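All remarks here apply to the structure that follows.
The values are calculated or read from the model by the stated rules, or taken from the named source; none is laboratory data. Please read all numbers here as calculations on a predicted model, not as lab measurements. Positions of Cβ are backbone-derived with ideal geometry, glycine not excepted, and every protein chain shown enters the neighbour counts.
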Ligand SMILES: [Zn+2]
């Protein structure tokens, strides 16, 4: 949104989670197009989380018009949990992904997990938002926040245990040069069989198994580069069944989520589903 709501002074105080009033069609692909013609003063968040990825609509150092409240807009990063009407599992999955994203944001700004840093939209203004989260988690602000905080603490635990598996952060604009030179070094090392891919604009989930049914360990951010040691055949998404296997993590990322969707340079690996052993 190019800073239309102005630059934030200092670091944000926390995160406000929203539920859009969107149908199952209100995906990241939809919001990307829709925001182009949507008058910004009618509201927009920094980040949109849906079942096809994450979309960052505004730089995190800028403010956004997402709470109908001056303090909320100025001091908080807004995350829209999309597809909040219809299929419950899709919504709950998006909500979990949003909580993983919160872990990264809190880490980036060195913020603790408290009732001051994790906010519901309805704490800032009279609104039904986050309507679906309220419906699912007890109908009260406390019920919803307790649920979110529980998830956020869980994901934080996993993310610090596996620190060196990703190298994720949201400062990709600043890191561009470093990444490029690193990748050149790696590319010259022909014995490693590591192929690098750049995450596409919607972001990519790193999952325990090559299927969207498996829980996501990380959200790889648009523009970040990651190394992969090969690919496997997994769940087919939009006709593409190939999933890349992380160099260090051994976990899976759907190949369609990268800027280069080809399997060039990658070798096929065998994936054994532990559920199928018996
Ligand atoms: Zn809202």
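Scan the range 131-150 for residues that are surrounded by 17 or more Cβ atoms within 10 Å (Cβ to Cβ), out of contact with any strand residue (DSSP E or B) (no Cβ under 7 Å at 6 or more places or on another chain) and in a helix (DSSP H, G or I) and the total you get is 2. Look at (1) more than 16 Å from the ligand (Cβ to nearest atom); (2) without any contact (Cβ under 8 Å) to a residue 40 or more places away in the chain; (3) part of a helix (DSSP H, G or I) and you find that residue 35 fails only one, number (1). In the range 222-247, the qualifying residues are those that are assigned to a loop (DSSP other than H, G, I, E, B) and out of contact with any strand residue (DSSP E or B) (no Cβ under 6 Å at 6 or more places or on another chain), and the one that is farthest from residue 90 (Cα to Cα) is 223. Scanning the range 115-125 for residues that are away from the ligand (no atom under 16 Å from the Cβ) and touching a residue at least 60 places away in the same chain (Cβ under 8 Å) returns 116, 117. Can we say residue 59 is touching a helix residue (DSSP H, G or I) at 6+ places or on another chain (Cβ under 6 Å), touching a residue at least 24 places away in the same chain (Cβ under 8 Å) and more than 16 Å from the ligand (Cβ to nearest atom)? No: the conditions fail for residue 59. Among the conditions (1) in contact with a helix residue (DSSP H, G or I) (Cβ under 8 Å, 6 or more places away or on another chain); (2) free of Cβ contacts under 8 Å to residues at least 24 places away in the same chain, residue 89 misses just one, which is (1).
Listed here are the residues, each with its yes/no results for (1) surrounded by fewer than 23 Cβ atoms within 10 Å (Cβ to Cβ); (2) assigned by TED's automatic domain parsing to the domain that holds residue 223; (3) in a helix (DSSP H, G or I).
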residue	(1), (2), (3)
1	yes, no, no
25	yes, no, no
54	no, no, no
60	yes, no, no
66	no, no, no
86	yes, no, no
94	no, no, yes
99	no, no, yes
106	yes, no, yes
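Read through the list (1) away from the ligand (no atom under 11 Å from the Cβ); (2) surrounded by fewer than 23 Cβ atoms within 10 Å (Cβ to Cβ), then give the number of the only condition that residue 128 fails. Single failed check for residue 128: (1).
Let's see how each residue does on (1) on the phi > 0 side of the Ramachandran plot; (2) more than 14 Å from the ligand (Cβ to nearest atom); (3) out of contact with any strand residue (DSSP E or B) (no Cβ under 8 Å at 6 or more places or on another chain):
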position	(1), (2), (3)
41	no, yes, yes
50	no, yes, yes
65	no, no, yes
72	no, no, no
87	no, yes, yes
100	no, yes, no
108	no, yes, yes
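Could you look through the range 3-23, keep only residues that are surrounded by 20 or more Cβ atoms within 10 Å (Cβ to Cβ) and in a strand (DSSP E or B), and pick out the one that is farthest from the ligand (Cβ to nearest atom)? So the residue we want is 14.
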